[in-house]
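The values are calculated or read from the model by the stated rules, or taken from the named source; none is laboratory data. Just so we're clear, the structure is a prediction, and the values are computed from it rather than from any experiment. Neighbour counts are summed over all protein chains in view; Cβ atoms, including those assigned to glycine, are modelled from backbone coordinates with ideal geometry.
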Amino acid sequence: MTEKPIEILLVEDNASDVELALHALRKHQVTNRVVVARDGAEALDFIFGKGTQKNRAVADAPKVVLLDLKLPKVDGLEVLRRLKGDPRTRLIPVVVLTSSREEPDIAESYRLGVNSYIVKPVDFDQFSAAVEQLGLYWVLLNQPPTL
């Protein structure tokens, strides 16, 4: 295990949304350890200990994954499919945090096992509040199963 476990894996390709999310989490002191993956392939490498993350153990999973759907290289639905399809990672909570209000995206996300689907607010203050609440719930309040 790592010395300080990763609490949140933020999978987001929009630099502005990354900065807003990190700012909101730090401002409210929700977490100390956030890793950012800027595309789906990078997220999968991190989660499964491949590529540049080959020395990382799958068992060192984040407490929650905040996942955008519209990602380069590997889209968010495929990341979700692989996470929830692998017995080593299927219990990691995944929250889709996306701008997509499309019903097929919502339905497919739940069919694949997403824990929550949140449409990103456009307003900075609303986005900041949403990220803060996500962090508080999934990092501090949620009780995951003992693996």
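Considering only region 116-127, state which residues are part of a helix (DSSP H, G or I) and of a type in the set (D, E, K, R). Give the derivation first.
Narrowing region 116-127 to residues part of a helix (DSSP H, G or I): 124-127.
The one that is part of a helix (DSSP H, G or I) and of a type in the set (D, E, K, R): ASP125.
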Exactly one of VAL74, VAL58, VAL79, VAL95 is of a type outside the set (Lys, Arg) and within 16 Å of GLU132 (Cα to Cα), and that residue is VAL95
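Identify, from the list LEU134, LEU97, LEU67, the residue that is of a type outside the set (D, E, K, R) and closer than 20 Å to GLY49 by Cβ. Show your work before the answer.
Numbers: LEU134 fails: closer than 20 Å to GLY49 by Cβ; LEU97 fails: closer than 20 Å to GLY49 by Cβ.
Within the list LEU134, LEU97, LEU67, the selection yields LEU67.
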Exactly one of SER100, SER116 is within 11 Å of GLY76 (Cβ to Cβ) and modelled with pLDDT under 95, and that residue is SER100
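Residue under question is ASP125, and the condition is that it be surrounded by fewer than 17 Cβ atoms within 10 Å (Cβ to Cβ), more than 15 Å from the chain's Cα centre (by Cα) and closer than 24 Å to ARG33 by Cβ; does it hold?
Details: surrounded by fewer than 17 Cβ atoms within 10 Å (Cβ to Cβ): yes; more than 15 Å from the chain's Cα centre (by Cα): yes; closer than 24 Å to ARG33 by Cβ: no.
Against the criterion (surrounded by fewer than 17 Cβ atoms within 10 Å (Cβ to Cβ), more than 15 Å from the chain's Cα centre (by Cα) and closer than 24 Å to ARG33 by Cβ), ASP125 does not qualify.
This table checks each residue for (1) of a type in the set (Asp, Glu); (2) in contact with a helix residue (DSSP H, G or I) (Cβ under 8 Å, 6 or more places away or on another chain); (3) in contact (Cβ under 8 Å) with a residue 24 or more places away in the chain.
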residue: ASP45; (1), (2), (3): yes, yes, no
residue: VAL58; (1), (2), (3): no, yes, yes
residue: LEU80; (1), (2), (3): no, yes, yes
residue: PRO121; (1), (2), (3): no, yes, no
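For region 119-131, which residues satisfy the criterion of being of a type in the set (D, E, K, R) and either at pLDDT 75 or above or in contact with a Ser or Thr (Cβ under 7 Å, 6 or more places away or on another chain) (or both)? If you could, list the steps in order and put the result at the bottom.
Of the residues in region 119-131, the ones of a type in the set (D, E, K, R) are 120, 123, 125.
If the condition is that a residue be of a type in the set (D, E, K, R) and either at pLDDT 75 or above or in contact with a Ser or Thr (Cβ under 7 Å, 6 or more places away or on another chain) (or both), then LYS120, ASP125 are the ones that fit.
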Checked region 110-131 for anything more than 16 Å from ALA21 (Cα to Cα) and of a type in the set (A, V, I, L, M); matches are LEU112, VAL114
